[in-house]
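The values are calculated or read from the model by the stated rules, or taken from the named source; none is laboratory data. The structure displayed is predicted, hence computed values, not measured ones. Note: ideal-geometry Cβ built from the backbone for every residue, glycine included; neighbour counts use all protein chains shown.
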Amino acid sequence: MDIQVLKDYFLGLQDRIVSATSLLDGKAFVADSWQKPEDSPLRGSGRTCILENGNILEKGGVGFSHVRGDKMPSTATQNRPEMAGRSFEAMGVSLVFHPRNPKAPTAHMNVRCFIAQAPDKDPVWWFGGGFDLTPYYGVDEDCKHFHQTAKNALDPFGSELHPRFKKWCDEYFYLKHRNEPRGIGGVFFDDFNELGFERSFAMTQAVGNSFIEAYLPILERRYQEPYTQAERDFQEYRRGRYVEYNLIFDRGTIFGLQSGGRSESILMSMPPVVTWRYNWTPEPNTPEAKLYDYYLKPRDWLA
């Protein structure tokens, strides 16, 4: 395994996504390069690219990080006790895009590699990642396109991977305290090494590379649609679910904060404007109710 090859890929992916999104939005991302002190619990560096108050994106962040630590945090060892006490190295790219127009969905993508080491033992490595879509006003065409792009990326590595990773995504991006999914899903995988290093890395690259094709055509179709203040209010309310999920359940967020990561970059996924309402439900037979009754129900969008 060549660490520089991994790093070159992840930085290149960040560059490609930032360039394509900036071209569509018409506003440039601001790049913030950072480095953790060598005496901190989590050492390393990264580059966080942020677009705020864009023409299309109200907020978008694409972050690269390459960090290492002397001891695995508890979140990474609770299901794998054999990893306790190992040093670790992790790198990857993570992004969240929050469009201003409520007719355009929020999107998330993450691809990463994790390596744990101990003296006189072989390294333990795995890949993880995926992408998912969170609409406020769903459109079947968009859902089908998003899932078809994910399937096309995974099929060369085994026809069983897409249905398996889709199910994993539906189960992972689920708010247990609300008894509802975060959105219409996508694909998700973690602790993945079963294809061997080169093939597992190639699969991870295929997922990362396909995000632009999966999401930007949807964003381009929806960002100019007219919307009302009531629809904007509903978007801000539903963004609250995004905050709840990321702070309570998201493994990457929890791992980063527990291990002493850079909080400003970890929390870049937070939407810029959010509201909560007490015990609110949409009126029956409205577009807002359709989100709950139809789109927030796991289904085979490619059937």
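Results, tabulated for the structure shown:
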item: Selected residue (criterion: surrounded by the fewest Cβ atoms within 10 Å (Cβ to Cβ)) from residues of the range 168-204 that are closer than 24 Å to Gln235 by Cα and touching a Phe, Trp or Tyr at 6+ places or on another chain (Cβ under 6 Å); result: Leu175
item: Qualifying residues in the range 157-167 (those that are basic (Lys, Arg) and either closer than 28 Å to Arg239 by Cβ or touching a residue at least 40 places away in the same chain (Cβ under 8 Å) (or both)) - the one surrounded by the most Cβ atoms within 10 Å (Cβ to Cβ); result: Lys166
item: Selected residue (criterion: nearest to Arg164 (Cα to Cα)) from residues of the range 294-303 that are surrounded by fewer than 13 Cβ atoms within 10 Å (Cβ to Cβ) and charged (D, E, K, R); result: Asp300
item: Members of the range 19-44 that are within 20 Å of the chain's Cα centre (by Cα), among the small types (Gly, Ala, Ser) and assigned to a strand (DSSP E or B); result: Ala31
item: Failed condition for Pro271, given (1) over 15 Å from Gly61 (Cβ atoms); (2) surrounded by 12 or more Cβ atoms within 10 Å (Cβ to Cβ); (3) at pLDDT below 95; result: (1)
item: Some residue of the range 23-42 being under 21 Å from Val187 (Cα atoms), modelled with pLDDT of 85 or more and not β-branched (Val, Ile, Thr); result: no
item: Single residue of the range 155-196 satisfying the filter (assigned to a strand (DSSP E or B) and among the small types (Gly, Ala, Ser)) that is farthest from Asn246 (Cα to Cα); result: Gly186
